[in-house]
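See structure below.
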């Protein structure tokens, strides 16, 4: 029992009280906030954003970033973590960092001195960093916040580039579509020699109405002549021929609405109307798409001038005056408990084997 329980407790206690370096903890709380104003894609549609989702998803990115090697190297380059945590080496090999340790050792040591609590429901992060000096621990937290802001700014920059690129691509497509629609309409007018089929058909309807009015007048005149003259009167025959000619012209005018006309590149008139209406609709849609793309580009350019994501501190980095680590009494108690459990199980196994033999 002395070897298994008492000696380990004495060794651990001696190490913790005489060799282990005091560590001070600095804490901070922050989260990722997103600009609530609507972007171009939110208003006009058709453009997806790189940064989509709630603030919690952005906090997920930041949570993983806080444990990344990239952050460790940035903080080390700024504060020289190796030099600070290697001061107690080799007197304190448990809580100190080897001065010539590898990058992997530095990253593993970083996981020991940094504690991150993350609430996925609210997106809040609580960060605690430990160091041998309270001011240095606070500097580590400030460096973490600065690096996190730099990472968020990089995400903002990438998002701005994507918004502008997508808006410019949409505008280019809209310009091409509008140009094609206008060229097709111009080609139709040049081919058919008709500026507006609707105006043309109204003109033809005017001619037809005029012919019908003249036919009515000719019929009345013919009937009056038939009452006052005999059948051999040349005026009556001339009036009848006039009525026949007007009727034939009316039939010809009506036939032009449904038959091919060689004067319009052998295209029948109803098809001309259908083609013209289709081209007008296509031009109107292209015009609306061009206006929407132009407004989207303006809004994307406006959004690119402001920061849509930013780090919001709700607990500023603290500066403690009393060491919080290592927790000596807790470690001694855990050592005594596990040593006692080992001794108990060992004693039970020994007596069990002895009774069987």
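So which residues in the range 85-115 are within 36 Å of the chain's Cα centre (by Cα), more than 21 Å from residue 141 (Cβ to Cβ) and surrounded by 13 or more Cβ atoms within 10 Å (Cβ to Cβ)?
Correct list: empty.
Output the number of the condition that residue 167 fails; it satisfies all remaining conditions of (1) assigned to a helix (DSSP H, G or I); (2) without any contact (Cβ under 8 Å) to a residue 24 or more places away in the chain.
(2)
For the range 281-324, how many residues are assigned to a helix (DSSP H, G or I), modelled with pLDDT under 85 and over 18 Å from the mean Cα position of the chain (by Cα)?
0
Sort through 336, 296, 300, 292 and tell me the only one that's closer than 30 Å to residue 95 by Cα and in contact with a helix residue (DSSP H, G or I) (Cβ under 8 Å, 6 or more places away or on another chain). Spell out how you get there, then give the answer.
On the way: 296 fails: closer than 30 Å to residue 95 by Cα; 300 fails: closer than 30 Å to residue 95 by Cα; 292 fails: closer than 30 Å to residue 95 by Cα.
Exactly one residue qualifies, and that residue is 336.
Taking the range 1-28, which residues are in a strand (DSSP E or B) and in contact with a helix residue (DSSP H, G or I) (Cβ under 7 Å, 6 or more places away or on another chain)? Before you say what the answer is, go through the steps one by one.
Residues of the range 1-28 in a strand (DSSP E or B): 23-28.
24, 25, 26, 28 - these are the residues of the range 1-28 that are in a strand (DSSP E or B) and in contact with a helix residue (DSSP H, G or I) (Cβ under 7 Å, 6 or more places away or on another chain).
Check whether at least one residue in the range 250-269 is modelled with pLDDT of 80 or more and surrounded by fewer than 16 Cβ atoms within 10 Å (Cβ to Cβ), and report yes or no.
Yes, there is a match, as at least one residue in the range 250-269 is modelled with pLDDT of 80 or more and surrounded by fewer than 16 Cβ atoms within 10 Å (Cβ to Cβ).
Any chance the range 75-84 includes a residue that's under 32 Å from the mean Cα position of the chain (by Cα) and either in the same structural domain as residue 317 (by TED's automatic domain parsing) or under 16 Å from residue 131 (Cβ atoms) (or both)?
Here is the first cut: in the range 75-84, the ones under 32 Å from the mean Cα position of the chain (by Cα) are 75.
Of the ones still in play, those that are also either in the same structural domain as residue 317 (by TED's automatic domain parsing) or under 16 Å from residue 131 (Cβ atoms) (or both) are 75.
Within the range 75-84, one or more residues are under 32 Å from the mean Cα position of the chain (by Cα) and either in the same structural domain as residue 317 (by TED's automatic domain parsing) or under 16 Å from residue 131 (Cβ atoms) (or both).
Which residue out of 135, 174 is surrounded by 13 or more Cβ atoms within 10 Å (Cβ to Cβ) and outside any strand (DSSP E or B)?
Working: 135 fails: surrounded by 13 or more Cβ atoms within 10 Å (Cβ to Cβ).
Exactly one residue qualifies, and that residue is 174.
Looking at residue 53 and the list (1) farther than 30 Å from residue 290 by Cβ; (2) modelled with pLDDT under 80; (3) assigned to a helix (DSSP H, G or I), which single condition is not satisfied?
Among (1) farther than 30 Å from residue 290 by Cβ; (2) modelled with pLDDT under 80; (3) assigned to a helix (DSSP H, G or I), the lone unmet condition for residue 53 is (3).
The values are calculated or read from the model by the stated rules, or taken from the named source; none is laboratory data. All values derive from a computational prediction rather than experimental measurement. Here the Cβ is made from the backbone with ideal geometry for all residues, glycine too, and neighbour counts use every protein chain on show.
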